[in-house]
Amino acid sequence: MKHVFPYQTLFDPVDLEVVSVTVDGRSLPYMQISKSERTIALHQTGRTEWDAATLQLKATLPEQEIAVGPWSDLVCLAVLTENATNARSTARLSKGRDGYWHGQIELVHGRHLNRASLALAVTGEIGGVQGRIIGATDKDWCIDLKAVTPKRQREIPIVETDFREGPEEWLRPFKDSLWIVETVNDIPVVYLNTTAVEGLVEIMNDKGGSPGEKLVRDMTASQIAQDVWTAMFHTAISELDLDDDGTPVVPSGWREPVLRMMLPDVLPGRQLTDALFEINERRTSGSGWPELQTNIQYAAGKRSQVTKKLTNAVRMVDSMDRNGS
């Protein structure tokens with residue numbers, strides 16, 4: 001994300017590459033590092049218990065732009081964070097003879113829980129003020145401690161449980177609900193009530209069935225998806241962090257892609273930074289926030305293909321009526 005600063009910053013992109021990873025001194029298999037996904041999977045490290053993973057880093061900075069800019073005392077800093085544990089560590093990279101910036105950062109297993117984010121920040125002195133951020137990576141690396149394969153996106157799990165008498169006591173107040181979306185953890189979870197509507201779970205799990213059952217399955221899945229997108233968007237917006245100057249920062253984990261995908265439909269025509277600032281202002285002040293709910297509903301419906309599923313359902317019902325007559 002490009003922030004707006006009251007001083008000159010780097011226009012050209014800054015890039016960060018994880019060259020290799022070792023876990024307690026042993027090399028992590030290459031297949032568990034995806035450069036295209038910018039993701040590292042640490043679940044199968046070759047050891048059931050491990051203490052620390054060391055990431056070898058290489059950064060690419062726009063050297064020609066840096067050479068003519070108004071900054072000095074340049075620092076290239078790798079930043080490793082995880083919201084779930086409030087863990088934060090940094091490491092300085094040094095410029096090598098090859099023109100790249102090299103260094104390493106250590107991820108201590110005991111300080112992290114699920115997914116950590118690795119970013120790169122470039123700071124310098126401008127106008128007599130040291131440590132000003134003049135550049136950063138647009139897309140962070142994801143270090144997943146529980147993933148077997150390095151995939152950026154995860155499937156949202158659906159847990160079938162009895163809301164009335166099941167093991168999840170917190171669901172009992174919602175015993176009449178068909179499903180509940182939980183977004184407080186590292187991955188959203190959909191809880192499907194097995195006792196709300198008789199036969200619904202069986203229809204949802206069935207691959208075939210009658211045209212009517214297929215209709216119920218498609219429409220229910222689409223409605224669940226819309227509820228999930230809506231819940232994820234509201235959670236992501238409610239957990240925005242702010243810079244010292246009040247500029248909203250894109251959150252990490254699943255919240256980042258949710259905002260990037262939905263904001264263009266919620267606030268069309270805005271750059272990401274401007275959209276985040278405006279929607280945060282509306283939410284916190286209340287002014288204009290109710291009016292945005294229609295846009296949020298539209299954006300969630302677009303992602304879940306509600307219109308397409310409803311159109312197909314209407315056509316199916318119409319066909320069944322005509323064939324029946």
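Quick look at the numbers
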| read-out | value |
| --- | --- |
| Selection status of TRP229, buried (at least 16 other Cβ atoms within 10 Å of the Cβ), closer than 24 Å to LEU192 by Cβ and at pLDDT 80 or above | yes |
| Any hit, region 111-126, residues being out of contact with any Leu (no Cβ under 9 Å at 6 or more places or on another chain) and touching a residue at least 60 places away in the same chain (Cβ under 8 Å) | yes |
| Of all residues making up region 114-135, the number that are part of a strand (DSSP E or B) and more than 27 Å from the chain's Cα centre (by Cα) | 6 |
| Members of region 247-262 that are of a type in the set (A, V, I, L, M) and at pLDDT 80 or above | VAL258, LEU259, MET261, MET262 |
| Qualifying position, being without any contact (Cβ under 8 Å) to a residue 12 or more places away in the chain and of a type in the set (Ser, Thr, Tyr), among SER72, SER20, SER34, SER27 | SER27 |
| Verdict on THR220 being surrounded by 15 or more Cβ atoms within 10 Å (Cβ to Cβ) and assigned to a loop (DSSP other than H, G, I, E, B) | no |
| Residues within region 164-186 that are of a type in the set (Lys, Arg) and in contact with a Leu (Cβ under 9 Å, 6 or more places away or on another chain), tallied | 1 |
| Search result, residues across region 185-204 that are assigned to a loop (DSSP other than H, G, I, E, B) and either of a type in the set (Asp, Glu) or more than 15 Å from VAL258 (Cβ to Cβ) (or both) | ASP186, THR194, THR195, ALA196, VAL197, GLU198, GLY199 |
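The values are calculated or read from the model by the stated rules, or taken from the named source; none is laboratory data. All values derive from a computational prediction rather than experimental measurement. Note that we place each Cβ from the backbone using ideal geometry, even for glycine, and neighbour counts take in every protein chain shown.
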